[in-house]
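Asker: Have a look at the structure that comes next, please.
The values are calculated or read from the model by the stated rules, or taken from the named source; none is laboratory data. Note that the structure is a prediction, hence the values are computed from the model and not measured. Cβ sites come from the backbone with ideal geometry, for glycine too, and all protein chains shown count toward neighbours. Accessible surface is based on the protein model in full, side chains and every heavy atom, while ligands, DNA and RNA are left aside. Shrake-Rupley method; radii C 1.70, N 1.55, O 1.52, S 1.80 Å.
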Amino acid sequence: MDILNINNKDYEFSLTGYETLLEVLRDELGFTGTKTACSEAECGACSVIINGNSVLSCITLAKDCVGKKITTIEGLAKDDELHPIQQAFLDQGAVQCGFCIPGMIIATKTLLDKNPKPTEEEIQIGLDGNICRCAGYPQIMKAVKHASKIINKDND
Amino acid sequence: MINKNIKEFINPVGKSVPRIDGRGLVTGQTKYTYDLKFPNMLIGKMIRSPHAHARIVNIDASVAEKLPGVKAIITAKDTHNIKFGSNEFFFPHTVDQLALEADKVRYIGDELGAVAAIDEETAQKAIDLIKIDYEILPSVTEMMEAIKPGAPQIHNARNNFGVILPVNFGNADRALKESDYVREDTFYASAAAHCSMETHVCIGHWELYTDKITLWQSTQAPFKVRETLAKTLKKNLNDIRVIKLAVGGGFGAKLEMLPMDFAACLLSKKSGGQPVKICYNREEEFSFSRRKHAMLYSLKSGVKNDGTLMVLTGEVYADGGGYCSYGPTVMAAAIMRIFMVYKIENLRITGYRVYTNTPISGAMRGFGGVQSGFAIESHMDLLAKGIGMDPIEFRMKNITHPNMVTRNKLIISSNGLKECIENAAAASQWNKKRGNKGYYKGPILKRGIGIGIAADVMGSKMYKSHESAGSIVKVEEDGSVYLFTGAADTGQGSDTALSQIAAQALGVSFARVKCKAADTEITPFDTGSFASRVTFISGNATLNAGKDAKMQILNIVADKHKLEVVDLDIIAEEVINIKNNSKLLSFDKALELCYSFDYGQQIIGKGSYNPKTTPVDFRTGEGNISGSYGFEAQIAEVEVNTDTGEVRIIKMWDAHDIGKAINPQSVEGQIEGALAMGIGYTFYEDLQFKNGRVVNPNFANYRLPRALGTPKMETILIETNDPQGPFGAKGMGESALLPTSAAIANAIEDAVGIRIKELPITSAKMIKALKEQNQKGEG
């Protein structure tokens, strides 16, 4: 029996070893917030956080995640409150079709957890693995900056 | 109180209210078709031709059928062999594709069948076991080869011309003679891919005993898909229900039925009624969905020394691929857009859309306008240069203006093009920067500034005699407002904008509105999300529905209070007696009254809108195609590295006549997104083929714009309050990428004096041109 800790909850599986984390999240558990647009580690839509790092779940084997802490987009909001990053994306108009947004928000969370006050260039580099075809990058950049402000104010 | 934000969102039109579907999208809870699954659901896969051009001799699926887990296999013999197309109404001769090809395949990937199995692996195994005998035919994959006499015939079309559009106004020959300066230029705009993040995906379900067909589809035009499905499956419209969920981008690729949609339904029937899901992977999306037409513009035009644009002549060739799709109207738009932008009396351009044995070209954001924008706006700069005139001065002299009828009978009412140019020029400090003035010109890095202008329609009749939209606004007794619209939000935010319009029309807070969009069995008809039509056309339908609902409420209030209904209005959540400007009762109380013992009347407002246009003859280009026209000017400042050929954008300015911004934040998002897309197309997006096969069908080899490298952008919204628009609004989803490539190419010429006429503008092309310039200088 393999145990995966996802969003602070343990899930038991018997994994063959071949399943990607993305398949387990979406097909086994119904965490469909995590998307993929390429299945080959190019688009970032499948990003999840594993032990504090942004990881592409489409090329990560679920078995390798046993014993680690996995956070998906579904794990960010608490009760009825959006996570400040989610709220910032909503407020700054950073969402168009929305398909890339879970991955973008995960990438943003990883970035801000490590570097709470990133420069413009650091944000661009932090999000460079994530494609938004609606190309709403200016508003996404605004959202990340705004989230950084809110998070730092909360921490001060 | 139904929502704590009710006060915040009163009078929502013109405010950047958050997306109505935003919470679901940022939490990952919103369901796309891609996320959907049903019990007993099968996975379908298309059987595709490995050959660019071949006759189908025999298909033997007997071994595949016996493979455990295979539930259904279909080929042309399971179908009625009815052809479909996308411009049936105006171009019936371009209806040229079968859902499953019976005799011939015309590109690598052409569909000749489909398999449904318990999983994708089994479906793929079955496809590998199907034995197909082909008689391979000579193929032609280059457009300029395909038009040569003796080239392989792909359809029954002379010289492989799927569409020929000769557009002729005035007397071109005389105008050329009367011109002081005449020049010829050839431009090439490359093929590109839509790359929606959510690939094409659908689930078909055919209930055997009721004969009811449901298709869940990632789509821009559910009603159009229903129509094509009904035709090809030989069913009635009301046998078919197409349901749109959240859509992960469309950009024109999801405007029509693909064979996969047809196949999902038919496979479901043949498997005994199990739902069948077909989802393209990224390689399939690149190779077998739709693409932007590569176009070649060969232009010869003349101007007077005083800057008067006399005449445009030439040919446009578009690589259409194996079938016509939206090609005819794309070609028409690619030629005729110029009439919206420039006052021009003489024009003689013939468009040729050419069949080749390559994947199908169709509609893509800009609809021929991106290619023509690059060609025409580059050409205009060169014409201005030829007579020594500043590009802005030249444009100001020739642009269309408010309240005019163009040579081809477009009726332009509001027109902010002049203001767009003036504002973009002022914001970018054009006069200070243009003309290679020394201070921003280093030894290696050289800066320049360039302009491009454009205009766009707000809708276009493409596949039906009308292009109406309908809306229903239902107000419940608890004061909640439900908007039912057939418009398809594919990410642009139309559900939000339409809900703002509904709330404003009704006089209530946006926070009351819930939007139910695009289900052919529930929501009113709407032709779809294309031609930047939704805010304008569906917006007007929604405005009418909101007003109708309001009148129903006011009639009851008037009756109860013994007042004249004309003296009443609902403003900011209150029923007002406008005679003495007094508050009569709150919206909630008014609804209590409507649903009271005395009245018990449901409030259901309806609205329909079909823009005031005149019949358009697509062949000649005459007629008023749209109810309103939008305009813009774009300026690019670039820095060219003369050592590496690299071009960096310092900043882009886009001044845009959007009539009225229903949601300024959304409008800016659309403009910035289109700009970024235009920049990608200018510098690196290039769908490449070898012998008819896409050779870069992935994000590693087909580069897309990313956060890193997105330059600074400034958007300037010009509000001209169009008399036809809902609250004065126009559509604007596509136009911001029309002039981008030309603005950049024009800026490059300003920086270093070289002219790139072929997209994409790569460093290699820049270096080559810079070298040639040096050699010329030395020689």
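Asker: Rounded to the nearest 10 degrees, what's the angle between the helix A:137-155 long axis and the longest principal axis of chain A, both from Cα atoms, 0 to 90?
Answerer: Rounded to the nearest ten degrees, it is 90.
Asker: Go ahead and run the numbers for FRET between A:ILE59 and B:PHE89, Cβ-Cβ distance against an R0 of 45 Å, rounding to 0.05.
Answerer: After rounding to 0.05, the efficiency reads 0.45.
Asker: Calculate the translational D of chain B in whole µm² s⁻¹ from Stokes-Einstein, where the hydrodynamic radius comes from the Kirkwood formula applied to all Cα pairs, the temperature is 20 °C and the viscosity 1.002 mPa s.
Answerer: 78
Asker: Sequence gap at least 6, Cα distance under 8 Å: using those rules, report the relative contact order of chain B to the nearest whole percent.
Answerer: 16
Asker: Under a Cβ-only charge scheme (Lys and Arg +1, Asp and Glu -1), can you give me the dipole magnitude of region A:2-72 about the Cα centre, in debye to the nearest 20?
Answerer: Magnitude of the dipole: close to 260 debye.
Asker: Taking the Cα centre of region B:642-779 as origin and charging only Cβ (+1 Lys, Arg; -1 Asp, Glu), how large is the dipole, in debye to the nearest 20?
Answerer: 560
Asker: Can you give the accessible area buried between chains A and B, summed over both chains, with a 1.4 Å probe, in Å² to the nearest 100?
Answerer: The buried area between A and B, both sides summed, comes to about 3900 Å².
Asker: Would you work out the relative contact order for region B:62-134, in percent, from Cα pairs under 8 angstrom that are 6 or more residues apart?
Answerer: For region B:62-134, the relative contact order is 39 percent.
Asker: Would you compute, from DSSP H runs of 4+ residues alone, the mean residue ellipticity of chain B at 222 nm, taking -39500 (n - 2.57) per run and dividing by the full residue count, rounded to the nearest 500?
Answerer: Rounded to the nearest 500, the figure is -8000 deg cm²/dmol.
Asker: Quick one: plug the Kirkwood hydrodynamic radius of region B:210-355 (C-alpha pairs) into Stokes-Einstein at 25 °C, 0.890 mPa s, and report D in µm²/s.
Answerer: D = 134 µm²/s.
Asker: Right, next: Kirkwood-based Rg over Rh for chain A (C-alpha set), two decimals?
Answerer: That ratio is 0.97, to two decimals.
Asker: Return the carbon/sulfur percentage of the accessible area of region A:2-72, one whole number, probe 1.4 Å, all protein chains in place.
Answerer: 47
Asker: Given points 7 Å out from each Cα along the Cα-Cβ axis, report the B:THR186 to B:ASP567 separation in nanometres with one decimal.
Answerer: 7.6
Asker: Right, another one. Provide a list, ordered by number, of residues in region A:80-127 showing at least 40 Å² less accessible area with every protein chain present than when their chain is taken on its own, using a 1.4 Å probe.
Answerer: A:LEU82, A:LEU90, A:VAL95, A:GLN96, A:CYS97, A:PHE99, A:GLN124
Asker: While we're on this one: Counting C-alpha atoms alone, how compact is the protein assembly as shown: give Rg to one decimal and Dmax as a whole number, in angstrom.
Answerer: 27.9, 95
Asker: Continuing with this model, one more query. Send over the Kirkwood Rh of region A:2-72, from the inverse of the averaged 1/r over different Cα pairs, rounded to one decimal Å.
Answerer: 11.8
Asker: Still on this structure, please answer the following. Given a 1.4 Å probe, how much area per residue of the protein assembly as shown is accessible, in Å²?
Answerer: 36
Asker: Give me the distance between the Cα centres of region B:549-588 and region A:31-60, rounded to whole Å.
Answerer: When both Cα centres are located, 54 Å separates them.
Asker: Would you mind computing, in nm to one decimal, how far apart the modelled labels at B:ILE136 and B:ASP239 are, each placed 7 Å from Cα along Cα→Cβ?
Answerer: Those two pseudo-labels are separated by 4.0 nm.
Asker: Using the charge dipole of the protein assembly as shown (Lys, Arg: +1 at Cβ; Asp, Glu: -1 at Cβ; taken about the Cα centre), state which of B:ALA191, B:ALA264, B:THR33 has its Cα farthest towards the positive end.
Answerer: Farthest towards the positive end: B:ALA191.
Asker: Cα centroid distance between region B:182-237 and region A:139-156, in Å?
Answerer: 40
Asker: Tell me the angle of helix A:101-114 to the major Cα principal axis of chain A, expressed in degrees between 0 and 90 and rounded to the nearest ten.
Answerer: Taking the Cα atoms of chain A, the angle to A:101-114 is about 80 degrees.
Asker: Here's a follow-up. Tell me the mean residue ellipticity at 222 nm calculated for chain A from its helices only (DSSP H runs of n ≥ 4, each -39500 (n - 2.57), averaged over every residue, nearest 500).
Answerer: -9500 deg cm²/dmol
Asker: Counting other Cβ atoms within 10 Å, which trypsin sites (Lys or Arg not before Pro) in region B:201-289 have at most 14 and lie in a DSSP loop?
Answerer: Those that pass, being in a loop and sparsely packed, are B:LYS234.
Asker: How much length is gained on full extension from B:ASP128 to B:ASN581, taking 0.36 nm per residue of separation minus their Cα-Cα distance?
Answerer: The span from B:ASP128 to B:ASN581 would gain 155.5 nm if fully extended.
Asker: I'd like the antiparallel share, as a percent to the nearest 5, of DSSP beta bridges with both residues in region B:144-267.
Answerer: Percent antiparallel among DSSP bridges in region B:144-267 is about 60.
Asker: Leaving out ligands, DNA and RNA, and with a 1.4 Å probe, what % of the accessible surface on chain B is carbon or sulfur?
Answerer: Ligands and nucleic acids excluded, carbon and sulfur give 49 percent.
Asker: May I pose another question? Starting from the 7 Å offset along Cα-to-Cβ, what nm value, one decimal, do you get for the label separation of B:ILE164 and B:LYS612?
Answerer: It works out to 3.9 nm between the two label points.
Asker: Charges only on Cβ, +1 for Lys and Arg, -1 for Asp and Glu: so what's the dipole of chain B about the Cα centre, in debye to the nearest 20?
Answerer: 560
Asker: Can you list the residues in region B:680-707 whose accessible area drops by at least 50 Å² when all protein chains are present, compared with the chain alone? Use a 1.4 Å probe, heavy atoms only.
Answerer: Residues shielded by partner chains are B:PHE699, B:ARG706, B:ALA707.
Asker: I need two numbers for region A:84-155: Rg to one decimal and Dmax as a whole number, Cα atoms only, in Å.
Answerer: 10.8, 34
Asker: What chymotrypsin sites (Phe, Trp or Tyr not before Pro) in region B:166-244 are in a loop by DSSP, with at most 10 other Cβ atoms within 10 Å of the Cβ?
Answerer: B:TYR209
Asker: Rank B:SER287, B:LEU312, B:PHE339 by how far each Cα sits towards the positive end of the charge dipole of chain B (+1 on Lys, Arg Cβ; -1 on Asp, Glu Cβ) and give me just the farthest.
Answerer: B:LEU312
Asker: Full extension from B:ASP598 to B:SER298: what is 0.36 nm times the residue separation minus their Cα-Cα distance, to one decimal in nm?
Answerer: Contour length minus Cα-Cα distance gives 100.8 nm.
Asker: Round to the nearest 0.05 the FRET efficiency obtained for B:SER413 and B:LYS177 when R0 = 30 Å and r is the Cβ-Cβ distance.
Answerer: 0.30
Asker: Okay, next question. Work out the FRET efficiency for A:ALA41 and A:VAL66 from their Cβ-Cβ distance, taking R0 = 22 Å, and round it to the nearest 0.05.
Answerer: According to the calculation, E is roughly 0.55.
Asker: Using 0.36 nm per residue of separation minus the Cα-Cα distance, give me the extension gain between A:ASP128 and A:ASN8 in nm, one decimal.
Answerer: Between A:ASP128 and A:ASN8, full extension yields 40.4 nm more.
Asker: Just list whichever of B:LYS212/B:LYS277; A:LYS114/B:LYS446; B:LYS385/B:LYS418; B:LYS71/B:LYS224; B:LYS83/B:LYS464; B:LYS231/B:LYS730 have alpha carbons separated by over 26 Å in the model shown.
Answerer: Violating the 26 Å limit, Cα to Cα: A:LYS114/B:LYS446; B:LYS71/B:LYS224; B:LYS231/B:LYS730.
Asker: Please give the residues from region A:31-51 for which the solvent-accessible area of heavy atoms, probe 1.4 Å, is smaller by at least 30 Å² with all protein chains in place than with the chain isolated.
Answerer: Correct list: A:THR32, A:LYS35, A:ALA37, A:GLU40, A:GLU42.
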